[in-house]
1. Working out 0.36 nm times the residue gap between LEU66 and VAL52, then minus their Cα-Cα distance, what length gain in nm do you get to one decimal?
2. Starting at the first residue of the stretch 147-158, write each ³J(HN,Hα) from the Karplus equation 6.51 cos²θ - 1.76 cosθ + 1.60 with θ = phi - 60°, in whole Hz, x for Gly and Pro.
3. Given the C-alpha centroids of the stretch 129-151 and the stretch 1-72, what is the distance between them in whole angstrom?
4. Quick one: which residues, 5+ away or cross-chain, put their amide H under 5 Å from the amide H of THR155? H built at 1.01 Å from N.
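Values in this text are rule-based calculations from the coordinates and carry no lab data. None of these values were measured; they are calculated from a predicted model.
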Amino acid sequence: MDYTIHLPTQLREHLRALRKERGLTQAALGRLLGVGQARVAEIENNPGVVSVDQLMRMLSALQTSLVLRDDADKAERSPLGSVNMGKLAPSKNAHKPVKPPAVNVPPTGEWQTLPLTGGGKHLPTSVLVSRTGTMSSSDGQMLRDINPNADVVPTSKRNFIIRLKKGSW
């Protein structure tokens, strides 16, 4: 479902609701992002001071995408020239679940995979892979070796984003 957000305080409510809807605690979301529970709480409580990069990572981990919509053609304008900030209304365009790209994880150790949304009607093109068990310094290389048609980018010591290379799907 799509929601129009004009203020950081509105974003706060939606981030918290999305996390709970996905069945994640702040600590679990923090593990996916490679940060602590306190940082997730800080972002949820004050999303207006977080970097765009950090916000995008959180949205991806919550399987949510950011959509920019040009409101220049809207007839309803406030005296200041900005769009009226009425109540949030769900969009008519509900997102359908899509199949994530196939990635391989090492047979040893405990791994979690989370598809990152492609946004709109596009298929996800990336997967967040997280090591839940004991880390190894060779985790990144193992992931690269067993996913030769993908780019493996570390986001922290335990998390990697795997993106399919162009032409591999």
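1. Going from the current span to full extension adds 4.0 nm.
2. For the stretch 147-158, the Karplus curve yields 10, x, 9, 9, 8, 10, 10, x, 10, 6, 5, 9 Hz.
3. Centre-to-centre distance over Cα atoms comes out at 26 Å.
4. Excluding prolines and chain starts, which carry no amide H, the hits are PHE160, ILE161.
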